[in-house]
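Asker: Attaching a single structure in structure tokens format; questions to follow.
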Amino acid sequence: MAKNKGLSFYKRRRKISSALMREVFSWVFGILTAVFIAAVLCFLLGMSTNVVGVSMEPTLYNEQKIYINRFLYVISSPKAGDVVVFLPNGNENSHYYVKRVVAVSGDQVEIQGGRLYVNGLESPWVTERLIDPGIAANKFTLGSGEYFCIGDNPSNSEDSRSANIGPVSEEDIIGKVWFHASCEEQGMGFVK
């Protein structure tokens, strides 16, 4: 008797080879391992916080979430232009301050005529006129492990010019701001 060569509603079952299964599991394992390592590194080496106040506008905004690289300054030191997070004078009861490093250890700092001078040259990091020179009214040299930090909006910033903050000690710096996020109009991106 001849087999019916017409329509058939029965499908042949395909067998899944063990080689294909091993390949799929190796990809899944690799992806899960990468996600786990990334999560552990972010937890151990990074942290996040929110900006408090308007002292860093237009770079960063009040209540904007920022991500901090805590590991970078273990292997290097802050540089002029870095946006850093610190506790003023190591005060654990204070909120985190977010400011830009404008002068590093060994630099001479002075504010004259509303302009910030670092080693006798006008600072490229502060373009706005500084109304209150604070402790920088008289020229002084930063000691070892000290940094002079000012907000990008210096008219509304409590920073190294203030006597109660002064130069920031390297031990008080938590890390470098490397990324900011906001779902609103500010968007997301790396901090310059």
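The values are calculated or read from the model by the stated rules, or taken from the named source; none is laboratory data. As the structure is a prediction and not an experimental result, all values here were calculated from the model. Cβ coordinates were reconstructed from backbone atoms using ideal geometry, including for glycine residues, and neighbour counts include every protein chain displayed. Protein only, heavy atoms only, side chains kept; ligands, DNA and RNA dropped before computing areas. Shrake-Rupley method; radii C 1.70, N 1.55, O 1.52, S 1.80 Å.
Asker: Could you give me the residue pairs with C-beta distances under 6 Å whose first residue belongs to region 74-94 and is part of a helix (DSSP H, G or I), whose second residue is polar (S, T, N, Q) wherever it lies, and which are 6+ apart or on separate chains?
Answerer: Pro88/Ser94
Asker: Residue pairs, Cβ under 6 Å, 6 or more apart or interchain, first in region 135-154 and touching a residue at least 12 places away in the same chain (Cβ under 8 Å), second among the acidic types (Asp, Glu) and open to solvent by less than 10 Å² (accessible area, probe 1.4 Å). List them.
Answerer: Pairs that qualify, where the first residue is touching a residue at least 12 places away in the same chain (Cβ under 8 Å) and the partner is among the acidic types (Asp, Glu) and open to solvent by less than 10 Å² (accessible area, probe 1.4 Å), are Cys149/Asp159; Ile150/Asp159; Gly151/Asp159.
Asker: So, one more: Among the residues of region 106-119, what is the count of those that are over 17 Å from Pro78 (Cα atoms) and open to solvent by 30 Å² or more (accessible area, probe 1.4 Å)?
Answerer: 6
Asker: Then there is this: Any chance region 120-135 includes a residue that's of a type in the set (Asp, Glu), surrounded by 12 or more Cβ atoms within 10 Å (Cβ to Cβ) and at pLDDT below 90?
Answerer: yes
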